[in-house]
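Asks: I'd like to ask you about the structure that follows.
Coordinate-derived values only; no laboratory data. None of these values were measured; they are calculated from a predicted model. Because the Cβ atoms are built from the backbone with ideal geometry, glycine has one as well, and the counts that use them run over all protein chains shown.
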Amino acid sequence: MSNTTGQETGVDRFRLAMAASGVGMAIVDLNGHWVEVNPAFERMFGYSAQEVVGRPTVAFTHPDDISLTQSYLRGLIDGSIPVLDAQKRYLHRSGQTIWAHINIAVMRDDFGAPLYLLVQLRDISAQRAAELALESRAEAEHAARDISNRQLQLFADAVAHDLRAPLRSIESFSALLADRANERLDDTDRDYLARIRAAAARMSGLLTSLNDLSYVTRADLKSTTVDLSLLADWVGAELQDADPQRRAEIRVQPDLQVEGDERLLKLLLVQLMDNAWKFSREREPIRIDVSGCREGDTLQVQIRDQGIGFDMRYAHKLFEPFQRLHGPDQGGGHGLGLAIARRIAERHRGSVRAESQPEAGAIFTLELPVTAAEDGI
């Protein structure tokens, strides 16, 4: 008898709270029908208590949330949902949608059998409207960025394609002139011709890098387990083959495994290790160290050189397209290599950063996932 009285006292307290509350409150039976509602509920839905009591809750639920409501009711009654804290949609008398934050608890007897559902509802329609407006704006901005990126890629592709033909002509005729007229040229003429050929080579490298930047931005990623150590050894061998007169020591820590697109990750290492090579040309021998350690689901890879380094005050420019901290005479290129590296890292849900001091070398640190995301990278 005392237990029943305790349960009734709990419901009575809830009824008192209902009457005084400015928040919508209600009691619902185990069949999902309204038993009692408070004045705030009436104001929230636009119905009087007499019009609501005895009717099923789904009659006031947005059609798209009816199945959700039914699953909530089953979970609350069978105990799989101890207390419900959720958001769902209802319908106002006028037909307008009401977004409500609902909290529902089950009143049970001493044996655990459910008796009533105690419901609290807060109208969050204004909040949801603001959130949806922000989401819509974000989606519009994202779509605009996508369009802008596609236009930029098309522009880069068109420029690269249209410049290839005249550039090949400059390179070819410069080579022919150097070969056929070499004896008739004085030192000044040869210097001019060398400058023309060097400028053509730089332009060719720039076009290649523009294509690479466009490619890494839009290429489909094919995720697999990648041996970064093997790729770094491969890139190191290519650097030595391209500059065989230089003595180099390239050390790579074995078994650096990540998850990603092998083609793009090799291109990433090409950019970073080539950068280390270029800015170490004044050193003998060139030294590049590739090492790493795992931290949780991330592999941190460091590419360390002993080159000329840079001033950290200008580090924010490093990964921006066409930004250069050094001139061509110091090894500076077209300013796209590190931008390509960062884009590849970001597409793998990773990052790249740099630390350095002038004349003390540089350390580029990659953070890459060891495992793939559930929805793929």
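Asks: Normalised radius of gyration for the range 2-123, please: alpha carbon Rg relative to 2.2 N^0.38 Å, two decimal places.
Replies: So the Cα radius of gyration is 1.02 times the expected 2.2 N^0.38 Å.
Asks: Of the listed peptides 76-89, 352-365, what is their order by residue-averaged count of other C-beta atoms within 10 Å, with the highest listed first?
Replies: 352-365, 76-89
Asks: By how many nm would the segment from Ala140 to Asp187 grow when fully extended, if each residue of separation counts as 0.36 nm and the alpha-carbon distance is taken off?
Replies: Fully extending the segment from Ala140 to Asp187 adds 10.9 nm.
Asks: Each residue of the range 174-184 in order: what ³J(HN,Hα) in whole Hz does its phi give by Karplus 6.51 cos²θ - 1.76 cosθ + 1.60, θ = phi - 60°, with x for Gly and Pro?
Replies: Each residue of the range 174-184 in turn: 5, 5, 4, 5, 4, 7, 8, 10, 4, 5, 8 Hz.
Asks: With 30 Å as the cut-off, how large is the P(r) tail for the chain, expressed as percent of Cα-Cα pairs?
Replies: Roughly 61 percent, rounded to a whole number.
Asks: Asp297 to His101: FRET efficiency via 1/(1 + (r/R0)^6), r the Cβ-Cβ distance, R0 25 Å, to the nearest 0.05?
Replies: E between Asp297 and His101, to the nearest 0.05, is 0.15.
Asks: What aspartates and glutamates sit close enough to Lys278 to cross-link, taking a C-alpha to C-alpha distance under 15 Å and skipping anything fewer than 8 places away on the same chain?
Replies: Glu238, Asp241, Asp243, Glu249, Asp289, Asp305, Asp329, Glu359
Asks: Rounded to the nearest 500 deg cm²/dmol, what is the calculated helix-only ellipticity per residue at 222 nm for the chain, with -39500 (n - 2.57) per DSSP H run of length n ≥ 4?
Replies: After summing the helix terms and dividing by residue count, I get -16000 deg cm²/dmol.
Asks: With a 10 Å Cβ neighbour count serving as the proxy for reagent exposure, in which order, fewest first, do Asp233, Asp220, Asp241 appear?
Replies: Starting with the residue having the fewest Cβ neighbours, the order is Asp220, Asp241, Asp233.
Asks: Please work out how much length the chain gains when fully extended from Thr208 to Asp109, using 0.36 nm per residue of separation minus the C-alpha to C-alpha distance, in nm with one decimal.
Replies: 28.1 nm
Asks: Suppose the Debye formula is applied to equal point scatterers at every Cα of the range 130-219; what is log10 I(q)/I(0) at q = 0.20, 0.21, 0.25, 0.26 Å⁻¹?
Replies: One equal scatterer on each Cα of the range 130-219 leads to -0.92, -0.97, -1.14, -1.18.
Asks: Moving to a separate point now. Counting other C-beta atoms within 10 Å, which of Thr217, Thr69 has the fewest, and how do the rest follow?
Replies: Thr217, Thr69
Asks: Find how much the distance from Ala199 to Asp12 grows on full extension, using 0.36 nm per residue of separation minus their present alpha carbon separation; answer in nm with one decimal.
Replies: Taking Ala199 through Asp12 to full extension adds about 58.5 nm, to one decimal.
Asks: Along the Cα-to-Cβ line of Leu132, 7 Å from the Cα, sits a label point; which residues in the range 28-59 have backbone N less than 20 Å from it?
Replies: Of the residues in the range 28-59, 44-46, 59 have backbone N under 20 Å from the label point off Leu132.
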